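Novice: Below is one structure. I have some questions about it.
The values are calculated or read from the model by the stated rules, or taken from the named source; none is laboratory data. Note that this is a predicted model, so its numbers are computed, not measured. Glycine also receives a Cβ, built like all others from the backbone with ideal geometry; neighbour counts cover every protein chain displayed.
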Amino acid sequence: MLRRYLLKRLVVAIPSLIIASLIIFTLPRLLPGDAVQLMLEEKAYGKDLDDLRHKLGLDRPIYIQYFTWIGQVVRGNLGESLWTRRTVVEELGSRLPVTLLLAAVAGSFSILIGIPIGVLSAVRADTLRDYVARSLAILGLSVPGFWLATLVIILPAMWWGWTPHLGFTEFRRNPTAHVLQFILPGFILGIASGAAIMRLTRAMLLEVLRQDYVRTAWSKGLRERVVVLKHSLKNAVIPVITILGIQFAQIFSATVIIESIFQLPGMGRFLFDAILQRDYPVIQGINLLVVSIIVLINLLVDLTYAVLDPRIRYS
């Protein structure tokens with residue numbers, strides 16, 4: 001039965017990917033400016049521009065361009081960068097691990113921040129701890145990540161003459177420095193998601209703590225830790241699992257700015273440069289990969305949801 005549930009989710013994911021591919025292919029072509037003219041640094045005209053457009057297939061109708069592109073994507077060919085002259089697959093192969101590690105660190109921080117503080121806030125509802133936690137959550141949702149990252153770089157330099165490490169250290173050169181360089185940007189990136197998780201965890205746990213079976217557990221004289229962690233948290237965390245997929249999508253979208261600020265050579269920074277260069281294959285390839293990762297994460301979330309609550313797999 002679980003296998004049938006998973007197959008249904010896969011069938012639903014396919015139309016989502018097709019619609020996303022249409023949007024991804026169309027939107028870059030709506031950007032102002034001529035990609036061919038930009039490639040030739042605005043020094044060419046006439047036949048040179050026409051020859052390059054023909055070589056890139058930009059002189060054909062857009063629907064033919066789309067079907068040609070999607071046919072190549074199905075075969076694993078995302079095209080060649082108009083800017084670096086390397087294949088998009090090669091570029092993503094070197095930059096994807098950076099973004100995935102940054103997103104993993106940010107996601108870990110968001111969970112480590114959101115769930116424990118949400119549990120504490122619910123168990124100590126309407127106390128000073130609860131008010132402080134809720135205020136910090138609102139602050140975390142309100143402060144933009146790029147603004148906080150800028151302050152983290154500028155203020156220590158002004159006050160103490162120190163700045164956090166900017167740039168990228170490869171793993172083979174210094175494994176420790178390679179991992180540590182993701183801690184600060186990952187923490188900043190995970191604050192907003194952690195605040196959202198904290199608020200939802202608090203709300204769901206408060207609702208569960210009011211259930212009859214929890215009151216029965218209290219009446220039996222069970223310890224608070226057992227009632228909260230064993231009897232209540234498992235049911236309260238199910239909606240939180242659902243929102244994790246949305247939070248990871250937001251984390252991926254926010255890597256564009258954070259990678260640019262901390263000079264990390266990930267997909268986000270490469271996407272920003274590709275947009276400036278009107279590099280259609282790179283823009284399409286990165287966005288399609290990100291959408292596919294998000295669809296996969298949502299599929300894993302649905303699967304986890306079904307495992308935590310067996311009733312879902314029969315619906």
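Novice: From Pro164, Pro185, grab the single residue that is in contact with a helix residue (DSSP H, G or I) (Cβ under 8 Å, 6 or more places away or on another chain), modelled with pLDDT under 85 and not basic (Lys, Arg).
Specialist: Criteria check complete, one pass: Pro164.
Novice: Of everything in the stretch 48-107, what is touching a residue at least 12 places away in the same chain (Cβ under 8 Å), surrounded by fewer than 16 Cβ atoms within 10 Å (Cβ to Cβ) and in contact with a strand residue (DSSP E or B) (Cβ under 9 Å, 6 or more places away or on another chain)? Give them in sequence order.
Specialist: Asn77
Novice: Restrict the check to the stretch 234-256 and report whether at least one residue is touching a residue at least 12 places away in the same chain (Cβ under 8 Å), in contact with a Leu (Cβ under 9 Å, 6 or more places away or on another chain), of a type in the set (D, E, K, R) and crowded, with 17+ Cβ neighbours inside 10 Å.
Specialist: The answer is no; no qualifying residue exists.
Novice: For a quick check of your reading: which helices (runs of 4 or more DSSP H) sit entirely within the stretch 1-93 and have at least 1 residues that are modelled with pLDDT under 75 and closer than 17 Å to Leu296 by Cβ?
Specialist: 2-26
Novice: Considering only residues that are among the aromatic types (Phe, Trp, Tyr) and within 20 Å of Ala104 (Cβ to Cβ), which ones fall in the stretch 151-209?
Specialist: Matches in the stretch 151-209: Phe168, Phe171, Phe182, Phe187.
Novice: Restricting attention to the stretch 180-197, which residues are touching a Leu at 6+ places or on another chain (Cβ under 8 Å) and assigned to a helix (DSSP H, G or I)?
Specialist: Pro185, Gly186, Ile188, Leu189, Ile191, Ala192, Gly194, Ala195, Ala196, Ile197
Novice: If I filter the stretch 274-285 for residues that are within 17 Å of Glu91 (Cα to Cα), outside any helix (DSSP H, G or I) and within 16 Å of the chain's Cα centre (by Cα), do I get at least one hit?
Specialist: So far as the stretch 274-285 goes, no, none of its residues is within 17 Å of Glu91 (Cα to Cα), outside any helix (DSSP H, G or I) and within 16 Å of the chain's Cα centre (by Cα).
Novice: Same structure again: If Tyr131 meets every condition in (1) modelled with pLDDT of 85 or more; (2) surrounded by fewer than 12 Cβ atoms within 10 Å (Cβ to Cβ); (3) among the aromatic types (Phe, Trp, Tyr) apart from one, which number is that one?
Specialist: (2)
Novice: If you take the residues of the stretch 259-279 that are surrounded by fewer than 24 Cβ atoms within 10 Å (Cβ to Cβ), in contact with a Phe, Trp or Tyr (Cβ under 8 Å, 6 or more places away or on another chain) and in contact (Cβ under 8 Å) with a residue 60 or more places away in the chain, which of them is farthest from Val98 (Cα to Cα)?
Specialist: Gln277
Novice: Take Thr169 and tell me if it is polar (S, T, N, Q) and within 26 Å of Gly194 (Cα to Cα).
Specialist: no
Novice: Moving on to the next point. Being closer than 28 Å to Ile197 by Cα and either assigned to a helix (DSSP H, G or I) or without any contact (Cβ under 8 Å) to a residue 24 or more places away in the chain (or both) is the filter here, so list the residues in the stretch 141-163 that pass it.
Specialist: Leu141, Ser142, Pro144, Gly145, Phe146, Trp147, Leu148, Ala149, Thr150, Leu151, Val152, Ile153
Novice: For the stretch 222-263, what are the residues that are charged (D, E, K, R) and part of a helix (DSSP H, G or I)?
Specialist: Of everything in the stretch 222-263, those that are charged (D, E, K, R) and part of a helix (DSSP H, G or I) turn out to be Glu224, Arg225, Lys230, Lys234, Glu259.
Novice: Condition first: surrounded by fewer than 11 Cβ atoms within 10 Å (Cβ to Cβ) and farther than 13 Å from Val98 by Cα. Now tell me which residues in the stretch 154-175 satisfy that.
Specialist: The answer is Met158, Trp159, Trp160, Gly161, Trp162, Arg172, Arg173.
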